[in-house]
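The values are calculated or read from the model by the stated rules, or taken from the named source; none is laboratory data. This structure is a prediction, so every number in the text was calculated from the model and none was measured. Note that we place each Cβ from the backbone using ideal geometry, even for glycine, and neighbour counts take in every protein chain shown. Each accessible area value is taken on the protein alone, full model and side chains, heavy atoms only, with ligands, DNA and RNA left out. Shrake-Rupley method; radii C 1.70, N 1.55, O 1.52, S 1.80 Å.
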Amino acid sequence: MPNDVTDKLQNYMNTMWNDYIQINPQAHKIHSLFVQAGENVINDHIALRTFNHPKLGIKSLAQHFIKYGYKECGEYYFTEKKLYAKHYEHEDKSLPKIFISELELEKVSPFIRETISGVVEQIKPEVIAHENFVFSGKHWVTSHTTYLKLAAESEYASWVYAYGFRPNHFTVSINALKNFRDITRLNDFIKLNNFKLNAAGGEIKGTPAELLEQSSTMAAEIQVQFGDGVYPIPGCYYEFAKRYPMTNGQLYQGFIAKSADKIFESTNKA
Ligand code: NI
């Protein structure tokens with residue numbers, strides 16, 4: 001990749017990180033703890049959320065990464081949560097993978113479908129076409145009452161409704177750490193520093209046999225301005241991933257649907 005493209009992409013990632021730590025100060029604190037411990041923190045992946053509305057969908061976000069050389073690599077189904085996802089990789093393996101999920105609007109209740117269609121209609125196509133769309137937040141006025149009603153059926157729908165388009169989580173590559181190669185040891189370090197881990201399905205999702213082990217913090221609540229007042233709701237979370245080599249010796253780069261299914265619950269209300 002030419003140097004100027006690398007610089008632009010690095011800037012793009014940095015802007016995403018800065019947006020993310022604004023609503024997830026705990027990620028910034030954990031990142032600092034690793035840096036203080038002498039670690040060089042590399043991101044395994046960045047996750048984004050959207051709806052499969054004709055104006056949006058995975059492609060509306062993916063296009064901004066494809067432009068920089070990212071390629072589609074895997075797809076995942078989450079039947080119960082009514083989600084579909086794809087992941088993208090760059091030939092420069094030091095760059096994070098991009099994991100984009102979408103809520104399947106044809107499978108949710110008319111209430112969710114109509115609420116989401118109503119807010120999506122307010123986004124101008126030129127806004128979606130701009131690369132800053134990926135961290136542009138919400139483009140509509142929200143109500144806390146509607147948020148709660150959405151959350152009762154789909155926590156995912158309520159999160160995107162409340163926050164719009166922005167990174168849902170960044171993920172530390174455990175493989176790139178020097179002193180926390182063991183995920184149990186890393187989890188202990190996180191808990192020792194008073195951060196809460198997502199325990200849905202156990203703190204560690206996946207096994208060495210599945211070639212991927214993951215854990216994540218529970219999203220802390222932050223104060224969010226709605227049209228009808230300010231309310232505390234779960235923000236973003238920080239994830240940790242350890243990858244294992246395949247038979248060809250290369251590290252597995254995909255995702256495990258049943259692990260990701262539980263990781264999604266990191267933005268549930270504690
Ligand atoms: Ni993730």
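The table for this structure:
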| quantity | calculated |
| --- | --- |
| Residue-normalised accessible area of segment 141-223, given per residue in Å² at a 1.4 Å probe | 41 |
| Cleavage-rule hits, GluC sites (Glu not before Pro), segment 215-270, DSSP coil, Cβ neighbours within 10 Å at most 11 | none |
| 13 Å Cα-Cα reach of Lys178 towards aspartates and glutamates, excluding residues that sit fewer than 8 places from it in its own chain | Glu39 |
| Spin-label pair Thr145/Val35, simplified geometry with 7 Å Cα→Cβ offset, distance in nm | 4.4 |
| Segment 217-233 - phi-based ³J(HN,Hα) in whole Hz, Karplus 6.51/-1.76/1.60, Gly and Pro as x | 6, 7, 4, 6, 7, 10, 7, 10, 7, 10, x, 10, x, 9, 9, x, 9 |
| Translational diffusion of the chain, µm² s⁻¹ [Kirkwood Rh, Cα pairs; Stokes-Einstein; 4 °C; 1.567 mPa s] | 68 |
| Helical contribution to [θ] at 222 nm, DSSP H n ≥ 4, -39,500 (n - 2.57), averaged over the chain, rounded to 500 | -10500 deg cm²/dmol |
| Antiparallel bridge percentage (DSSP; both residues within segment 6-112; nearest 5) | 65 |
| Segment 160-165 - phi-based ³J(HN,Hα) in whole Hz, Karplus 6.51/-1.76/1.60, Gly and Pro as x | 5, 4, 6, 10, x, 9 |
| Pairs from Lys29/Lys138; Lys82/Lys262; Lys196/Lys262 whose Cα-Cα separation, in the structure shown, is over 19 Å | Lys29/Lys138 |
| Cα-based reach from Lys93 at 16 Å (exclusive), listing lysines while leaving out same-chain residues under 8 positions away | Lys71, Lys242 |
| Residue-count net charge about Gln10 - beta-carbon cut-off 11 Å; Lys, Arg +1, Asp, Glu -1 | -2 |
| Residues of type aspartates and glutamates that Lys191 reaches as a straight line, Cα spacing below 14 Å, ignoring anything fewer than 8 places off in the same chain | Glu203, Glu239 |
| Local electrostatic count, Pro208, Cβ distance below 13 Å [Lys/Arg +1, Asp/Glu -1] | +1 |
| Segment 3-267 - share of DSSP beta bridges that are antiparallel (%, nearest 5) | 75 |
| Sum of side-chain charges, Asp19 neighbourhood, beta-carbon under 15 Å (Lys, Arg +1; Asp, Glu -1) | +2 |
| Approximate spin-label separation His130-Ser94, in nm, with each point projected 7 Å along Cα-to-Cβ | 3.1 |
| On Cα atoms only, tilt of 144-153 relative to the major axis of the chain in degrees | 60 |
| Accessible-area composition of the chain, carbon plus sulfur, in percent [1.4 Å probe] | 53 |
| Between helix 25-36 and the chain: long-axis angle, C-alpha atoms, 0 to 90°, nearest 10 | 10 |
